[in-house]
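To start, the structure under review is shown below, and the notes come after it.
The values are calculated or read from the model by the stated rules, or taken from the named source; none is laboratory data. From a predicted model like this one, the values you see are computed outputs, not experimental measurements. All Cβ positions, glycine included, derive from the backbone under ideal geometry; neighbour counts span all protein chains shown.
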Amino acid sequence: PAVLALAAMAGVTAMTVARPPRVAIVTTGDEVGGGGAAGIVDSNGPFLGGFCAALGLECTRTHAEDDADALRRVLAGHAAEIVVTTGGVSAGDRDLVPRIAAELGFGTIFHQVAMQPGKPVLLARRGERFLVGLPGNPVSVLATAHLVLLPLLQRLMGRGASPWLELPLAVPWQHRGLRQLFLPARLVPGGIAPVRWNGSGDLIAAAAADGLVDLAPGSDHAAGAMVRFLPYVGQTIGERGVMPERVGRG
């Protein structure tokens, strides 16, 4: 609104704007949404729907079973600029998204990244359309949505990327893994504190956090060490009533 006011004051009568991209969310997996003891309630679809809504974007949501023909029909039937899938991007027999995407003419930009959580993530492109293949585990979806999907959406919307903040760790922390770790973390007095979690299915830990902290493989951080922190989409720094004393932009 402030930019529109400034343009009007300057006598500008026409402006170049970016049309919000259309987003299609496709959850996959025979086990998702099924009945009985083996059925898994879909949390990825509601999360991604809320994620898009927080950015002011509308989206559609569909589901595809672990069947090549069914997945091909669903992916081919969308005209959205961005198709976001969940699940089916790893190396199993039923991980069909990379193969079907290639059959539909999407060229792979990258597939599998040395990160935790979210290693199997896929990004592919066909002309002006993108396919973002997120893993199936809920915290992996949350992390890769912020790290891969969000920058793409912001670019297509004509916005700058969300800035990473430089914040002090409120507690010492070690990361002995071999991949870059993007760990859910909370704002607390004195900085941020990583949330102890039980893997990429631990939505309770992720929901208790305010964003993601970036920790390098084999790193050892003392309390007070400055680390990079990305707030969740829709999350305002200090929203929970805590404002770290030292905040910088990375």
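Per-structure values
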quantity: Complete set of residues in region 110-120 that are surrounded by 14 or more Cβ atoms within 10 Å (Cβ to Cβ) and either in contact with a Leu (Cβ under 6 Å, 6 or more places away or on another chain) or in the same structural domain as W197 (by TED's automatic domain parsing) (or both); calculated: H111, Q116
quantity: Test: residue in region 227-234 that is surrounded by fewer than 18 Cβ atoms within 10 Å (Cβ to Cβ), at pLDDT 90 or above and either outside the structural domain of A170 (by TED's automatic domain parsing) or not charged (D, E, K, R) (or both); calculated: no
quantity: Residue match in region 10-18 (condition: part of a strand (DSSP E or B), outside the structural domain of Q235 (by TED's automatic domain parsing) and over 21 Å from H146 (Cβ atoms)); calculated: no
quantity: Test: residue in region 200-221 that is among the polar types (S, T, N, Q), surrounded by fewer than 15 Cβ atoms within 10 Å (Cβ to Cβ) and touching a helix residue (DSSP H, G or I) at 6+ places or on another chain (Cβ under 9 Å); calculated: no
quantity: Filtered residues of region 198-226 (kept if in a loop (DSSP other than H, G, I, E, B), over 18 Å from the mean Cα position of the chain (by Cα) and not small (G, A, S)); calculated: N198, P217
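This table checks each residue for (1) under 23 Å from A53 (Cβ atoms); (2) surrounded by fewer than 18 Cβ atoms within 10 Å (Cβ to Cβ); (3) free of Cβ contacts under 8 Å to residues at least 60 places away in the same chain; (4) touching a strand residue (DSSP E or B) at 6+ places or on another chain (Cβ under 9 Å).
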| position | (1), (2), (3), (4) |
| --- | --- |
| S140 | yes, no, no, yes |
| P151 | yes, yes, yes, no |
| A161 | yes, yes, yes, no |
| L169 | no, no, yes, yes |
| P172 | no, yes, yes, yes |
| L183 | no, no, yes, yes |
| A193 | no, no, yes, yes |
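Matching residues to (1) closer than 16 Å to V97 by Cβ; (2) not assigned by TED's automatic domain parsing to the domain that holds S140:
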| position | (1), (2) |
| --- | --- |
| A2 | no, yes |
| A5 | no, yes |
| G29 | yes, no |
| A53 | no, no |
| C59 | no, no |
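Results for (1) assigned by TED's automatic domain parsing to the domain that holds R228; (2) over 28 Å from S90 (Cα atoms), shown as yes or no for each residue.
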site	(1), (2)
F130	no, no
P135	no, no
V139	no, no
H146	no, no
L169	yes, yes
Q180	yes, no
L183	yes, no
